[in-house]
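Laboratory data are not the source of any read-out in this text; all were calculated from the coordinates shown. Every value quoted in this text rests on a predicted model; they were computed, and no experiment measured them. Heads up, the Cβs are rebuilt from the backbone with ideal geometry, glycines too, and the neighbour counts pull from every protein chain shown.
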Amino acid sequence: IKGADLVITGEGKIDGQTVSGKTPAGVAKRARSENIPVIAFAGSLGEDCELVYDIGISALFSIVPGISSLENALADGSSNLTRCARNVAAVWSHA
């Protein structure tokens, strides 16, 4: 990641357990050592998700736009991620 302007990571659910060794935690710690901001995408944001800010994740985004069944969230995952990432990219490009 050396030389990157931004790191993007994610998982199905970001919550308090994420800081205990899940992949986004490792990614964030590595990026933090290079002083690179990290954005995390998740299918859902759970209890204590804000703990990830302490390990170097700069911003969290749930890709599911509203109340949805698990079946629909999974079926629409690709389009939901694309929409969310496009919106984040639009803001990032103006930063």
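A few notes on this one:
- Remark on Asp15: its backbone amide H falls under 5 Å from those of Gly46, a criterion applied only to residues 5 or more positions apart or on other chains, H modelled at 1.01 Å from N.
- In Hz, Karplus ³J(HN,Hα) per residue of the stretch 13-30 (6.51, -1.76, 1.60; θ = phi - 60°; x = Gly, Pro): 9, 9, 8, x, 6, 4, 6, 8, x, 5, 3, x, 5, x, 4, 5, 5, 5
- Rough spin-label spacing in nm, given labels placed 7 Å along Cα→Cβ, for His94 and Asp5: 1.6
- The chain, relative contact order in percent, only Cα pairs under 8 angstrom and at least six apart counted: 26
- Prolate/oblate/rounded label for the stretch 15-95 (Cα gyration tensor, a/c 1.5): oblate
- All other residues whose Cβ lies under 10 angstrom from that of Gly46 are scored, Lys and Arg at +1 and Asp and Glu at -1, for a net of -2.
- Nearby aspartates and glutamates by direct alpha-carbon distance to Lys29 (threshold 14 angstrom, same-chain neighbours under 8 apart not counted): Asp54
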